[in-house]
């Protein structure tokens with residue numbers, strides 16, 4: 001007999017008939033010999049209706065009263081579903097988040113779960129009842145016993161947290177699509193259904209606009225080893241399994257806030273190649289990385305920073321043994337990339353040796369604005385200057401001078417309380433999959449508290465059968481901010497991103513320009529980054545006010561951008577992945593404005609009006625289409 005947690009979203013319980021259909025599915029699962037906890041969302045568009053009512057009363061209602069109001073939506077559903085189960089002879093009891101023991105921070109509208117008191121649930125389960133729980137809500141840990149809500153995607157978070165606390169055999173998320181698809185079926189109807197995906201891949205996709213699963217739910221599943229499956233409410237198809245590493249014996253106290261960072265990595269065998277002043281037009285990145293792939297040059301980080309005028313800088317890192325080959329490719333192609341503009345400066349190749357890459361990683365970084373700022377502040381306090389920054393949803397990497405690597409790692413381990421219980425040394429090379437066979441070149445040490453990776457699955461980066469790209473995501477809800485002429489010295493990034501963190505503004509892509517210009521005797525670089533659209537104007541205003549005091553130049557906001565990304569553990573060691581992505585954009589005359597990478601993700605900023613076209617082109621380029629068309633129900 002299994003203990004299963006099932007979660008049904010708003011469309012799955014959107015009418016009496018749909019609630020009765022859910023009751024039948026639950027009844028069938030119990031009759032197969034299982035114990036069941038069912039988490040539900042508010043019916044259909046109930047939450048939207050409640051928000052509309054609130055706004056009709058007040059243009060700016062208090063967050064406490066919004067929690068009081070919005071928590072009622074799920075209470076309607078739990079009562080109706082319990083009645084439906086009782087009507088067909090299945091004992092059931094409905095329980096609010098407070099009654100079920102979901103204890104949260106006292107943070108209205110966006111609380112994180114601290115712990116779950118499971119005794120009452122377990123008592124009812126032992127009596128043969130189905131426990132029907134209101135998702136999206138909890139109760140504060142303070143003596144005031146405030147009703148709190150968990151924010152967007154909160155019912156997913158409730159379900160996976162309950163599965164972790166109850167040590168359930170698995171958690172099923174029922175939704176209006178048949179599982180995890182390679183992209184948004186509203187943009188590509190032939191999106192392909194995935195049978196399985198790793199939690200790391202899902203974290204990257206979940207945070208990039210794939211709304212099927214909320215990142216916080218995936219984070220909990222990954223941290224506690226909860227087997228997770230996403231299925232359709234309308235069929236009996238098997239859906240998509242989200243696989244996680246084996247559980248690490250993590251405490252269930254401070255369930256969602258215990259640790260944002262769980263690993264520190266470093267690689268001292270790196271060199272940087274930068275092409276300065278390449279033309280800002282479609283096809284440049286495709287041409288460069290196409291040649292790199294043909295010459296079997298393994299590339300790790302790639303960044304393209306924005307710049308004034310009609311040129312960009314593109315930089316990438318390679319392992320030291322293949323630096324000469326990388327330099328030769330860059331030098332050969334630089335003249336061919338020269339702008340046709342009469343007054344344009346020639347493209348220049350800049351090489352930097354004796355560098356190291358230092359990274360922090362952890363699923364808990366998502367949605368926590370202060371983590372990157374904390375990393376930059378730690379490096380600044382240690383007197384370590386940052387030469388290059390590249391980010392993903394679950395990792396921040398900085399290139400620093402090689403002689404400063406040990407100091408940087410020791411400081412980061414201390415700040416994030418990472419004990420060196422285990423050190424793994426792994427062959428590098430080909431992480432980005434742009435060329436070569438991978439596994440060549442330098443050494444990387446990973447210092448973390450986790451146990452060894454679980455055995456290779458069909459989706460493990462250790463498996464040669466892994467497809468290089470698992471999914472393509474589009475995010476149209478970001479804007480880009482660029483700060484010109486930031487002094488190039490330790491502490492600048494810490495100040496900048498610390499200010500954003502103080503205002504609770506999360507940052508996504510961060511790019512530091514490769515060109516260093518001396519102004520007023522001070523070397524300076526531009527820094528560009530993306531934030532949520534709703535935070536854009538506030539961030540620009542706040543940073544502009546700080547610019548004079550901190551010696552920065554102009555703060556420029558660009559709202560007309562989209563971010564398109566590819567994700568896949570199989571990128572590691574597979575040649576030509578970035579080149580294929582860039583070529584697909586070039587063939588469609590889509591200009592790349594920024595590039596940032598991590599081991600399993602490549603992201604490009606493109607013009608907003610070309611976002612959907614970019615996604616469709618890349619999805620087709622990697623041959624991700626299936627034979628079946630998926631239609632998302634209204």
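Just so you know, all these numbers are worked out from the coordinates, no wet-lab data involved. Predicted, not measured: the structure shown is a model, and the values here were computed from it. A quick note on method: Cβ atoms are made from the backbone with ideal geometry, for glycine too, and the neighbour counts reach across all protein chains shown.
A few comments on the model shown:
- Against the chain, whose longest principal axis is taken from its Cα atoms, helix 154-166 shows a tilt of about 70°.
- Helical mean residue ellipticity (222 nm; -39500 (n - 2.57) per DSSP H run of 4+; nearest 500) of the chain: -9000 deg cm²/dmol
- Gain upon complete extension [residue 587, residue 489; 0.36 nm per residue less C-alpha separation]: 31.3 nm
- Over all projection directions, the Cα-based convex hull of region 244-395 averages an area of 12.1 nm².
- Rounded to 0.05, the FRET efficiency of the residue 546 and residue 281 pair, given R0 = 30 Å and the Cβ-Cβ distance, is 0.35.
- Region 36-141 - percent relative contact order, Cα under 8 Å, separation 6 or more: 37
- Label-to-label distance, nm, for residues given as residue 627 and residue 107 (7 Å Cα→Cβ offset): 4.8
- P(r) of the chain over all Cα-Cα pairs, binned every 10 Å from zero, in whole percent: 3, 16, 26, 26, 17, 9, 3, 0, 0
- Computed from the Cα positions only, the extents of region 3-243 along the three principal axes stand at 45, 43, 35 Å, in decreasing order.
- One quarter of the surface of the convex hull around the alpha-carbon atoms of region 497-634 equals 12.0 nm², the direction-averaged projected area.
- Distance from the Cα centroid of region 562-615 to that of region 242-297 is 14 Å (rounded to whole angstrom).
- With contacts taken as Cα pairs under 8 Å and at least 6 residues apart, region 3-243 reaches a relative contact order of 20 percent.
- On Cα atoms only, tilt of 16-31 relative to the major axis of the chain in degrees: 90
- Label-to-label distance, nm, for residues given as residue 16 and residue 257 (7 Å Cα→Cβ offset): 4.3
- Structural descriptor for the chain: relative contact order 14 percent, calculated from alpha carbon pairs under 8 angstrom and at least 6 residues apart.
- Spacing of the two label points (7 Å from each Cα toward its C-beta) at residue 68 and residue 119, in nm: 3.0
- Contour excess over end-to-end distance, with Cα ends at residue 533 and residue 144 and 0.36 nm allotted per residue: 136.6 nm
- Gain in span if fully extended, residue 24 to residue 560, counting 0.36 nm per residue against the direct Cα distance: 188.2 nm
- q = 0.18 Å⁻¹: log10 I(q)/I(0) that the Debye formula gives for region 8-83, counting C-alpha atoms only: -0.73
- Pairwise Cα inverse-distance average, inverted: Kirkwood Rh of region 1-136 (Å): 15.6
- Seen against the Cα atoms of the chain and their longest principal axis, helix 405-415 is set at about 20 degrees.
- Each peptide in 612-623, 550-561, 227-238 was scored by the mean count of other Cβ atoms within 10 Å over its residues; highest first, the order is 612-623, 227-238, 550-561.
- The value obtained for region 58-126, namely the Cα convex hull volume divided by the number of residues, is 81 Å³ per residue.
- Modelled FRET efficiency - R0 41 Å, residue 419 with residue 3, Cβ distances, 0.05 increments: 0.80
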